[in-house]
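Input: a single structure, listed below in structure tokens.
What follows draws every value from the coordinates through simple rules; no lab data is involved. Here the structure is a predicted model, which is why all the values come from computation and not from measurement. Here the Cβ is made from the backbone with ideal geometry for all residues, glycine too, and neighbour counts use every protein chain on show.
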Amino acid sequence: MDELKQVILSYVIKEYLEEGDDRTVDAETPLISGGIVDSFSMVSLKRFLEKRYAIQIPDAEATPDAFDTVTRIAELVTRTQARTDGRA
Amino acid sequence: MAYSAAVRERYQQEIHGLEQAGLLKQERFIHSPQGADISVEFPAGAPVKRVINLCSNNYLGLSSHPEVVEAARAGLDSRGYGMSSVRFICGTQDVHRELEQGLTALLGTEDTLLFPSCMDANAGVFEAILGEADVMIADRLVHASIVDGMRLCKAQQDTFKHSDMAHLEEKLQEHQDKRARMVITDGVFSMDGDLAKLDAIVELAERYDAMVLVDDSHATGFIGRTGRGVHEHCGVVGRIDVITTTLGKALGGASGGCVSGRRELVEMCRQRARPYLFSNTVAPVIVAGALKVLELIGRGTERRDKLEENARYWRRLLTEAGFDVKAGDSPIVPVMLYNAKLAQDVARDLFAEGIYVVGFFFPVVPKGQARIRTQLSAAHERAHLDKAIEAFVKVGRKHDILGKGRKEITEKYGL
């Protein structure tokens, strides 16, 4: 797994799993549709990504669907980074 | 015709989908006043059945109390039926202010503002007092009305793991750069029945310069030694900045809610909270009933004491019978079944045995956490609970869940 996915996965496990939660989470685990992250709590993940990678994820793109797996989140970050770099 | 056949069909399919998924909510028609014993028609058209009610929020048993009913009747005569106006035009009576002052005294706050419901109080309070420069940090299990209220507010949002004080502290540290911080929690969490650690929350909030908002809807009138709420239970009366609560549960159970707390914050709600500004407030008849409820609570603690004793007794009966019961100190006693269909089947079988309870499952509770939420009332007598446990044991045996925990139940029924 590449570094970006690893960073996101670590954050998800630390931020969203309760102590004693025995569910395993990998890059393909459905987070929102699987009931691990709810859309109400998703905002801290978005803020973490924006701060860590110095990007602005447009609200229209920060959909539950785009945040449903670590892989999709990584794709969203990569897309947003490319746009940001393109502008710079 | 704008409501074309295609549009109608789309909605029909959606409703059908809910039905197929077992998520369609159906009302049960009650043919009697609210109480420990009620007459229920379910399903629609079925003969009316007398059942023991274990799922209302009638915690103090005041919903149909003769003195409350009589006071409401007198209120109807003296102040009329409706106001036909919002509060700030010509919709405020002397009794509205009197009730607000009574709630302020009960809750130990500085001032109170009535709302049409606590749902409305929560919908309006955040937008009225916080702005873009501020942050709201909520427990992840807060009530849906708080989630909605936060979504209507421009302040930044964050959440902390349920009742996890270390996680809350991390969030408070992270948000020290904001103009104001507000920690938001339920007092009693309605699905689990556990109490917020308000003493620890207040201590953290004071250390990190944050305000605290508590929705005490499932506590006002009965939690704490004199029933003031979770803040009394935790010894922090006077240190909570905003309390939202309801008249729709223990306090007579009709309708209405309020924002109570720091004088300036309540005043901001009077100036800016949209559900207060653009909707009529609680009807005079309900105000009159609620004033009597406050008087009854002020006379002594017998009702909340009986409720506490009932909850303790019921919890012991369930545990001794071998049910998987969530631990807690409130009159909300969840019986864990984990599997959604099992929860519905058990509720249905209990109804056949004369016990009215409801199964809860995703999305109301997290996936794999289906349950039957039982709720105690001061209106229950020991005989009600003794009869109820007989039915629970019979149904528990039928489904072979007695003495079984999460692992065994999910192995048998799946998640």
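Whole angstrom only: what separates the Cα centroid of the stretch B:73-93 from the Cα centroid of the stretch A:6-84? Each part reduced to its Cα centre gives a spacing of 51 Å. For the segment B:148-155, counting C-beta atoms of other chains within 10 Å of every residue's C-beta and taking the mean gives 1. Projecting the Cα atoms of B:G45, B:A71, B:G35 onto the dipole axis of the stretch B:1-73, where Lys and Arg carry +1 and Asp and Glu carry -1 at the beta carbon, places B:G45 farthest toward the positive end. When a/c reaches 1.5 or more, the comparison of a/b and b/c decides; with that in mind, is the stretch B:174-307 rounded, prolate or oblate per its Cα gyration tensor? Because a/c hits 1.5 or more and a/b fails to exceed b/c, the stretch B:174-307 counts as oblate.
Kindly identify chain B as rounded, prolate or oblate by the Cα gyration tensor criterion: order the square roots of the eigenvalues as a ≥ b ≥ c, call it rounded if a/c is under 1.5, otherwise compare a/b with b/c, prolate if a/b is larger, else oblate. Because its axes are fairly even, with a/c under 1.5, chain B counts as rounded. Determine the percent antiparallel among the DSSP beta bridges restricted to the protein assembly as shown, to the nearest 5. About 55 percent, rounded to the nearest 5.
Which of the three applies to the protein assembly as shown, rounded, prolate or oblate, going by the alpha-carbon gyration tensor with a ≥ b ≥ c and a/c under 1.5 meaning rounded?
Details: a/c = 1.61, a/b = 1.20, b/c = 1.35.
The shape class here is oblate.
Considering only alpha-carbon pairs that sit under 8 angstrom and 6 or more positions apart, the relative contact order computed for the stretch B:1-66 is 21 percent. Counting only DSSP H runs of at least 4 residues, each contributing -39500 (n - 2.57), and dividing by the residue count of chain B, the helix-based mean residue ellipticity at 222 nm comes to -13000 deg cm²/dmol. Residues whose amide H comes within less than 5 Å of that of B:A138, counting only those at least five positions distant or on another chain, are B:D158, B:T159, B:F160, B:I184 (H built at 1.01 Å from N in the peptide plane). Arranged from fewest to most other beta-carbon atoms within 10 Å of their beta carbon, B:I355, A:I32 become A:I32, B:I355. Whole-Hz Karplus values for the stretch B:55-68 come out as 9, 9, 9, 7, 4, 8, x, 9, 4, 10, 5, x, 5, 5 Hz, taken residue by residue from phi with 6.51 cos²θ - 1.76 cosθ + 1.60 and θ = phi - 60°; glycine and proline positions read x.
Dipole magnitude of the stretch B:299-415 about its Cα centre, charges +1 at Lys/Arg Cβ and -1 at Asp/Glu Cβ only, in debye to the nearest 20?
So the dipole magnitude of the stretch B:299-415 works out to roughly 260 debye.
If you run the Gaussian network model on chain B, springs between alpha carbon atoms under 10 Å, then out of B:F362, B:F160, B:F392 the most flexible one is B:F362. Per-residue 3J(HN,Hα) values for the stretch B:95-108, derived from phi via the Karplus relation 6.51 cos²θ - 1.76 cosθ + 1.60 with θ = phi - 60°, read 6, 4, 5, 4, 5, 4, 5, x, 5, 4, 5, 5, 7, x Hz in sequence order (x marks Gly and Pro).
Going by how many other Cβ atoms sit within 10 Å of their own, how do A:L76, B:L23 line up, fewest first?
Details: A:L76 20, B:L23 13.
Ascending Cβ contact count within 10 Å gives the list B:L23, A:L76.
Normalised by the number of residues in chain B, the mean separation of alpha-carbon contacts (under 8 Å, six or more apart) gives a relative contact order of 20 percent. Using a Gaussian network model of chain B whose springs link C-alpha atoms within less than 10 Å, name the residue from B:D158, B:D177, B:D139 with the highest mean-square fluctuation. Of the options given, B:D177 has the highest mean-square fluctuation. Annotation: amide H of B:M211 within the under-5 Å range of B:R181, B:M182, B:V183, sequence separation 5 or more or interchain, hydrogens built in the peptide plane. Positive end of the dipole of the stretch B:57-138 (Cβ unit charges, origin at the Cα centre): among B:N122, B:M136, B:N57, the Cα lying farthest that way belongs to B:N57.
Within the set A:K14/B:K161; B:K249/B:K306; B:K161/B:K412; B:K197/B:K407; B:K49/B:K306; B:K25/B:K398, which residue pairs have Cα atoms separated by over 20 Å? Walk me through the numbers before you get to the answer.
On the way: A:K14/B:K161 10 Å; B:K249/B:K306 17 Å; B:K161/B:K412 30 Å; B:K197/B:K407 29 Å; B:K49/B:K306 27 Å; B:K25/B:K398 25 Å.
Distance filter (> 20 Å) returns B:K161/B:K412; B:K197/B:K407; B:K49/B:K306; B:K25/B:K398.
The GluC sites (Glu not before Pro) of the stretch B:2-32 meeting both criteria, a DSSP state outside H, G, I, E and B (loop) and at most 11 other C-beta atoms within 10 angstrom of the site's C-beta, are B:E27.
A Gaussian network model of chain B, with springs between Cα atoms under 10 Å, assigns the largest mean-square fluctuation among B:E110, B:E127, B:E174 to B:E174. By the count of neighbouring beta-carbon atoms within 10 Å, fewest first, B:L107, A:L9, B:L99, B:L415 end up ordered B:L415, A:L9, B:L107, B:L99. Taken about its Cα centre, chain B carries a charge dipole of about 900 debye when Lys and Arg each add +1 at the Cβ and Asp and Glu each add -1 at the Cβ. Whole-Hz Karplus values for the stretch B:19-28 come out as 5, 4, 7, x, 10, 6, 8, 10, 7, 10 Hz, taken residue by residue from phi with 6.51 cos²θ - 1.76 cosθ + 1.60 and θ = phi - 60°; glycine and proline positions read x.
Ignore the peptide's own chain and count Cβ atoms of other chains within 10 Å of each Cβ in B:35-48; give me the average, rounded. Before the final figure, lay out each step's value.
Values: counts 0, 0, 0, 0, 0, 0, 0, 0, 0, 0, 0, 0, 0, 0.
Taking the mean over all residues of the peptide, I get 0.
Once you keep just the Cα pairs under 8 angstrom separated by 6 or more residues, what percentage relative contact order results for the stretch B:66-299? Present the calculation step by step, with values, prior to reporting the outcome.
Numbers: 495 pairs, mean separation 73.9, N = 234.
It comes to 32 percent, rounded to a whole number.
Measuring between their Cα centroids, the stretch B:232-255 and the stretch B:257-279 lie 16 Å from each other. Looking at the stretch B:66-299 alone, DSSP beta bridges between its own residues are antiparallel in about 40 percent of cases. Within 10 Å of the Cβ of each residue in A:35-44, the mean number of Cβ atoms contributed by other protein chains is 5.
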